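Below is one structure; the comments refer to it alone.
The values are calculated or read from the model by the stated rules, or taken from the named source; none is laboratory data. These numbers were taken from a predicted model, which means no experiment stands behind them. Ideal geometry is used to build each Cβ from the backbone, glycine not excepted, and the neighbour counts take in all protein chains shown. Surface accessibility is based on the protein's heavy atoms, side chains included, excluding ligands, DNA and RNA. Shrake-Rupley method; radii C 1.70, N 1.55, O 1.52, S 1.80 Å.
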Amino acid sequence: MKKGCSLVAVMLVVALIGDQLGASEAVTCSATQLSPCLGAITSGTPPSQACCARLRVQQPCLCGYMRDPNLRQYVNSPNARKVASSCGVSIPSC
């Protein structure tokens with residue numbers, strides 16, 4: 001009986017970990033989510049905490065933004081790189 005309970009407990013833990021991994025990987029890529037960073041990117045001012053939080057969430061989307069001709073100039077600009085660096089976010093090589 002104890003073996004059955006242990007197996008159920010292990011399966012429950014694996015299921016919970018799998019749910020958490022799936023939830024953390026699900027990012028909706030939307031450049032509008034980076035609107036708190038617009039001032040810092042366009043003017044070179046230090047980024048806000050809200051900007052850094054959004055940038056961290058949107059980090060997996062940065063390559064897609066760099067491929068978009070309408071967004072490339074903002075994501076790839078020197079100020080955008082400063083903002084990312086200030087927030088501790090690395091801009092990937094795409």
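Please determine, by comparing only the residues of region 53-84 that are assigned to a loop (DSSP other than H, G, I, E, B) and farther than 14 Å from SER30 by Cα, which one is nearest to the chain's Cα centre (by Cα). Checked region 53-84; the qualifying residue nearest to the chain's Cα centre (by Cα) is ASN76. Pairs are defined by a Cβ separation below 6 Å, a sequence spacing of at least 6 or placement on different chains, a first member in region 73-93 that is more than 11 Å from THR42 (Cβ to Cβ), and a second member that is small (Gly, Ala, Ser); the pairs so defined are ILE91/ALA84. One residue is enough: does region 66-74 have a residue meeting the conditions open to solvent by less than 30 Å² (accessible area, probe 1.4 Å) and in contact with a Leu (Cβ under 9 Å, 6 or more places away or on another chain)? The answer is no; no qualifying residue exists. A single entry from ALA50, ALA26 fulfils the requirement of being among the small types (Gly, Ala, Ser), surrounded by fewer than 12 Cβ atoms within 10 Å (Cβ to Cβ) and modelled with pLDDT under 95: ALA26. ILE91 satisfies every condition listed in (1) at pLDDT below 95; (2) open to solvent by 70 Å² or more (accessible area, probe 1.4 Å); (3) not in a helix (DSSP H, G or I) except (2).
Pairs linking a residue in region 40-56 that is at positive phi to a residue that is open to solvent by 70 Å² or more (accessible area, probe 1.4 Å), with Cβ atoms under 9 Å and 6 or more positions apart or on different chains, are GLY44/PRO78; GLY44/LYS82.
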